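As structure tokens, the structure follows; a few thoughts come after it.
Only the coordinates and a few stated rules stand behind these numbers; no lab work does. Since this is a predicted model, take the numbers as computed values, not measurements. Methodologically, a virtual Cβ is constructed for each residue, glycine included, from the backbone with ideal geometry; neighbour enumeration extends over all protein chains shown.
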Amino acid sequence: MGAAAGGKLLATSDLHVAHPDNRKIVEELRPETDEDWLLVAGDVAEKVADVEWALGLLAERFATVVWVPGNHELWTPKADPVTLRGEQRYRYLVATCRRLGVLTPEDPFRVWRGAGGPVVIAPLFVLYDYTFRPEGTRTKEEALARAYDAGVVCTDEFLLHPDPHPSRDAWCRARVKESERRLAELDGDLPAILVNHWPLVREPTRILRYPEFAQWCGTELTADWHRRYRCAAVVYGHLHIPRTTYHDGVRFEEVSVGYPREWRKRGLPRGTLRQILPCGENR
Ligand SMILES: [Fe+2]
Ligand SMILES: [Fe+2]
């Protein structure tokens, strides 16, 4: 029994359910016990109806589901009847989650009291600000120019609208401020698990096939958060490079499923659900 008595804290991300094969994966996702929680670290889908379908299904199955937005949820794709942009789209998704009983970065932090707990679960939405720049570039403009030259330009440039913020990086800075305000309220007695779509440190982006892509992957402003807050683990996705790394002794879990062409090639050796707590099992 052991762990089963206290349930498991599990995580996944980048479900990209617009792909029928990924939809099948979500249909088959089930908890191991009635007490399991699931952290969903963004990129569920682009259309709101798809996000709602996936999170609704998961909320029926898991004791608690926590979601943070990825860049794909924040896109305004032409085919989506929900035409909201930027902040308004995010708020609409948060309201959708509330209806489904799914926790978001806008809710009070909850404490996982199951096996491996107690730990505070801190869902975050901090975006990126083009500071993970390619070698030899010093500004956002230079970094973007390098990406356009290399033909490696993230679709966010065309579909992720920052309204009413003047830019995506301005929205990021506002989110960093808001997240710092929330994290300051953390009870220092308990360790925290930080959940964010983009990695909070730059190191995991060093192995990207196209280094120009890193500028859409995070912000230098969060570089010390895993040290500043009493952090048990960081859960993220976005890179579609599922693995576990350690930074300053803190465990970082990249938990993405990714696109069918990716998981078909590399397989899903650790399954679609990563065990975050209790740690030390199925690893
Ligand atoms: Fe993704
Ligand atoms: Fe992403």
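Here's a check for you: in the stretch 79-91, which residue that is in a helix (DSSP H, G or I) and touching a helix residue (DSSP H, G or I) at 6+ places or on another chain (Cβ under 9 Å) is nearest to S13 (Cα to Cα)?
Filtering the stretch 79-91 for residues in a helix (DSSP H, G or I) gives 86-91.
If we keep only those that are touching a helix residue (DSSP H, G or I) at 6+ places or on another chain (Cβ under 9 Å) as well, we get 86-87, 89-90.
Values: G86: 21, E87: 21, R89: 20, Y90: 17 Å.
So, considering only residues that are in a helix (DSSP H, G or I) and touching a helix residue (DSSP H, G or I) at 6+ places or on another chain (Cβ under 9 Å), the one nearest to S13 (Cα to Cα) is Y90.
Can you name the residue in the stretch 126-143 that is outside any loop (DSSP other than H, G, I, E, B) and of a type outside the set (K, R) and, of all such residues, is nearest to H238 (Cα to Cα)?
Among those that are outside any loop (DSSP other than H, G, I, E, B) and of a type outside the set (K, R), it is A143.
Being within 16 Å of ligand 2 (Cβ to nearest atom) and more than 15 Å from L124 (Cα to Cα) narrows it down to one of Y259, Y236, so name that one.
Unique residue meeting the criteria: Y259.
Within the stretch 238-273, restricting attention to residues that are part of a loop (DSSP other than H, G, I, E, B) and of a type in the set (G, A, S), which residue is nearest to D43 (Cα to Cα)?
As a first pass, look at the stretch 238-273 and keep what is part of a loop (DSSP other than H, G, I, E, B): 238-242, 248-249, 255, 257-259, 267-273.
Narrowing the set further to residues that are of a type in the set (G, A, S) leaves 249, 258, 267, 271.
Values: G249: 27, G258: 9, G267: 19, G271: 17 Å.
So the residue we want is G258.
Looking at L200, L221, L186, L190 in this structure, which one is in a helix (DSSP H, G or I) and more than 16 Å from ligand 1 (Cβ to nearest atom)? Before you say what the answer is, go through the steps one by one.
Details: L200 fails: in a helix (DSSP H, G or I); L186 fails: in a helix (DSSP H, G or I); L190 fails: in a helix (DSSP H, G or I).
After ruling out the rest, the residue left standing is L221.
Inside the stretch 49-92, can you point out the residues that are closer than 14 Å to F125 by Cα and within 16 Å of ligand 1 (Cβ to nearest atom)?
Pass one, the stretch 49-92, residues closer than 14 Å to F125 by Cα: 66-74, 86-87, 89-91.
Correct list: W67, V68, P69, G70, N71, H72, E73, L74.
Of the residues in the stretch 13-27, how many are in contact (Cβ under 8 Å) with a residue 60 or more places away in the chain, acidic (D, E) and farther than 18 Å from L124 by Cα?
Summing the residues that are in contact (Cβ under 8 Å) with a residue 60 or more places away in the chain, acidic (D, E) and farther than 18 Å from L124 by Cα in the stretch 13-27 gives 1.
Conditions tested, residue by residue: (1) among the polar types (S, T, N, Q); (2) within 27 Å of L74 (Cβ to Cβ).
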{"site": "A233", "(1), (2)": "no, yes"}
{"site": "H240", "(1), (2)": "no, yes"}
{"site": "T244", "(1), (2)": "yes, yes"}
{"site": "L268", "(1), (2)": "no, yes"}
{"site": "L277", "(1), (2)": "no, no"}
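Please state which one of V65, V94, V111, V51 is free of Cβ contacts under 8 Å to residues at least 60 places away in the same chain, part of a strand (DSSP E or B) and hydrophobic (A, V, I, L, M, F, W, C).
Selected residue: V65, the only one of V65, V94, V111, V51 that is free of Cβ contacts under 8 Å to residues at least 60 places away in the same chain, part of a strand (DSSP E or B) and hydrophobic (A, V, I, L, M, F, W, C).
Kindly evaluate E46 against the criterion of being assigned to a loop (DSSP other than H, G, I, E, B), under 26 Å from G188 (Cα atoms) and either more than 16 Å from ligand 1 (Cβ to nearest atom) or not aromatic (F, W, Y) (or both).
So E46 does not fit the description; no.
Quick check on P77: is it within 15 Å of ligand 2 (Cβ to nearest atom) and crowded, with 20+ Cβ neighbours inside 10 Å?
In short, no.
Could you please give the count of residues in the stretch 68-78 that are in contact (Cβ under 8 Å) with a residue 24 or more places away in the chain and either of a type in the set (D, E, K, R) or more than 20 Å from D14 (Cβ to Cβ) (or both)?
The total comes to 1.
Which of the residues belonging to the stretch 5-23 are surrounded by fewer than 18 Cβ atoms within 10 Å (Cβ to Cβ) and either β-branched (V, I, T) or under 22 Å from Q275 (Cβ atoms) (or both)?
Result: A5, single match.
When you check W37 against the structure, is it away from ligand 1 (no atom under 16 Å from the Cβ) and within 24 Å of L186 (Cα to Cα), yes or no?
yes
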